[in-house]
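Working notes for the structure below.
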Amino acid sequence: NENFVGHQVLRISAANEAQVQKVKELEDLEHLQLDFWRDPVRPGIPIDVRVPFTSIQSVKVFLESHGINYEIMIEDIQTLLDEEQKQMSAFQARAL
Amino acid sequence: STKTFNYATYHTLDEIYEFMDLLVTENPQLVSKIQIGNTFEGRPIYVLKFSTGGTNRPAIWIDTGIHSREWVTQASGVWFAKKITEDYGQDAAFTAILDNMDIFLEIVTNPDGFAYTHKTNRMWRKTRSRTQGSLCVGVDPNRNWDAGFGLAGASSNPCSDTYHGKFANSEVEVKSIVDFVTNHGNIKAFISIHSYSQLLLYPYGYTSEPAPDKEELDQLAKSAVTALTSLYGTKYKYGSIIDTIYQASGSTVDWTYSQGIKYSFTFELRDTGLRGFLLPASQIIPTAEETWLALLTIMDHTFKHPY
């Protein structure tokens, strides 16, 4: 199974159309390997993006340098995946 | 049995297929399993048919899991299947619907992708088809339909998560539904269920042209969302795809609407706790319960407004 240790999901709040466009620029940078869970659409609609560990620093610097607000929605994806797997295995063990 | 089946946990593809067989065995008069095709990797694609008789009755189609990582949708689909068998003959309004209409429920609409989320990459969304000339895999099955195919609102890059594919219906998972719907010819409502962001959407996605039935669809969406929110207070927005979220071309409900299926809707189910696609299993049943109230509203309206 692919490992998502250190991957974070950022919830970005674009205040205006210019900021939405800025975030869209990020979308085109394939080397960042961003996974948009909720696409940049228009101001006021949250943008959720999964950021691999290797890209986190540069993405946060980019957002902060453009004054774009964000919060960390998920600190570490792998922690939630481990939780999900544990829950499923516990069920399967009981079922067996 | 489906009585001891655990609806409050996520299941693998095999467990869901086993559940389907159990449900059919326990309800042979009401439920049958139809194979509508095989996936790119050769897995069977199953649809559950709920029917109380007649031939080619007007029908309602519900599908979940077209985007494989949206696990709460397949899990809700399993719950809906059980709910249908429990409520028929118990709930008067629902019994009236099923006494006059059939329901088709495709729980795992993207089996290859779903198996891949369990085995390899939990974040996988697309199909697992191969694109000649590219190292990237998969097509977004919600951009592959023949409605505004390839227009703005999808990507022509095979590595993108919204890659529309080489041509409309290139994905066998999509083509199988297209053929089924076309051959059936009497489907009156088509509901495709995604997650997340708590939205109820109707056509169009590929154009800002209002759908001819926009007024009625908007009213029905409002009623359905009101019913959904009444249970646990989960807040939904509703509207056309392009107005409410973004331009999306080649989408399922734009095609079904273009086929004359007036009541074409897309759900984006919950996340209420900032978990996105990783919704805790503890939220499966409440999500399914609230969504069912919205589905009932749409099914009841479809039944009472034949066309």
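Each value in this text was obtained by applying a stated rule to the coordinates, not by laboratory testing. Here the structure is a predicted model, which is why all the values come from computation and not from measurement. Neighbour counts run over all protein chains shown; Cβ positions are idealised from the backbone, glycine included.
Structure notes:
- Listed by chain and number, the lysines whose alpha-carbon sits under 21 Å from that of B:Lys235, ignoring those within fewer than 8 places in the same chain, are B:Lys222.
- Exercise: per-residue mean of other protein chain Cβ atoms within 10 Å, B:273-285: 4
- Helix A:77-95 vs. chain A, principal-axis angle (Cα, 0 to 90°, nearest 10): 20
- Annotation: amide H of B:Ser195 within the under-5 Å range of B:Leu269, sequence separation 5 or more or interchain, hydrogens built in the peptide plane.
- Estimated purely from DSSP H runs of n ≥ 4, each contributing -39500 (n - 2.57), the mean residue ellipticity at 222 nm for the protein assembly as shown is -12500 deg cm²/dmol once divided by its residues.
- Highest-MSF residue in chain A out of A:Ile45, A:Ile77, A:Ile56 [GNM, Cα springs under 10 Å]: A:Ile45
- Cβ-defined net charge surrounding B:Ile245, 12 Å radius [Lys, Arg +1; Asp, Glu -1]: 0
- Estimated FRET transfer efficiency (A:Lys60, B:Gln259; beta-carbon r; R0 51 Å; 0.05): 0.65
- Over all projection directions, the Cα-based convex hull of the range A:26-92 averages an area of 5.8 nm².
- Taking A:Gln78, A:Gln57, A:Gln33 as the candidate residues, the one with maximal mean-square fluctuation in a Gaussian network model of chain A, Cα springs under 10 Å, is A:Gln57.
- Taking a Cβ cut-off of under 13 Å around B:Glu209, the surrounding Lys, Arg, Asp and Glu residues balance to a net charge of -2, with basic ones at +1 and acidic ones at -1.
- Under the Debye formula (equal points on every Cα, no solvent term), log10 I(q)/I(0) of the range A:14-58 at q = 0.21, 0.27 Å⁻¹: -0.67, -1.00
- Loop-resident chymotrypsin sites (Phe, Trp or Tyr not before Pro) (DSSP state other than H, G, I, E or B) in the range B:119-169 with no more than 11 further Cβ atoms inside 10 Å of their Cβ: B:Phe167.
- Distance between the range B:33-109 and the range A:17-96 - C-alpha centres, whole angstrom: 33
- Vicinal HN-Hα couplings computed from phi for the range B:135-143 (Karplus, 6.51 cos²θ - 1.76 cosθ + 1.60; Hz; Gly/Pro x): 7, 7, 10, x, 10, 6, x, 9, 10
- Pairs of alpha carbons in chain B whose separation is greater than 33 Å (percent): 16
- P(r), alpha carbons of the range B:4-92 - 10 Å bins starting at zero, rounded %: 14, 49, 31, 6, 0
- Phi-based couplings in Hz for the range B:145-152 (Karplus 6.51, -1.76, 1.60; Gly and Pro marked x): 8, 7, 9, x, 4, x, 6, 4
- Residues with amide H under 5 Å from that of B:Gly37, placed H, sequence gap 5 or more: B:Ile45
- Pairs of Lys in the range B:17-150 closer than 20 Å at Cα, counting only those 8 or more apart or on different chains: 5
- Cβ-defined net charge surrounding B:Asn6, 13 Å radius [Lys, Arg +1; Asp, Glu -1]: +1
- Relative to the longest principal axis of the Cα atoms of chain A, helix A:17-27 runs at roughly 50 degrees.
- Among A:Asp48, A:Asp82, a tally of other beta-carbon atoms within 10 Å of each Cβ gives an order, fewest to most, of A:Asp82, A:Asp48.
- If you run the Gaussian network model on chain B, springs between alpha carbon atoms under 10 Å, then out of B:Val172, B:Val225, B:Val47 the most flexible one is B:Val172.
- Residue-normalised convex hull volume from the C-alpha trace of the range B:62-133: 88 Å³ per residue.
- Long-range Cα-Cα pairs in the range B:169-257 (distance over 22 Å), rounded percent: 33
- Area projected by the alpha carbon convex hull of the range B:240-281, averaged over all directions, nm²: 4.1
- What the phi angles of the range B:175-190 give under the Karplus curve with 6.51, -1.76 and 1.60, with θ = phi - 60°, is a coupling list of 4, 4, 6, 4, 5, 5, 5, 5, 5, 5, x, 9, 8, 10, 9, 9 Hz, glycine and proline written as x.
- Cut-off under 5 Å, modelled amide H: who pairs with A:Val51 long-range: A:Gln8, A:Val9, A:Leu10
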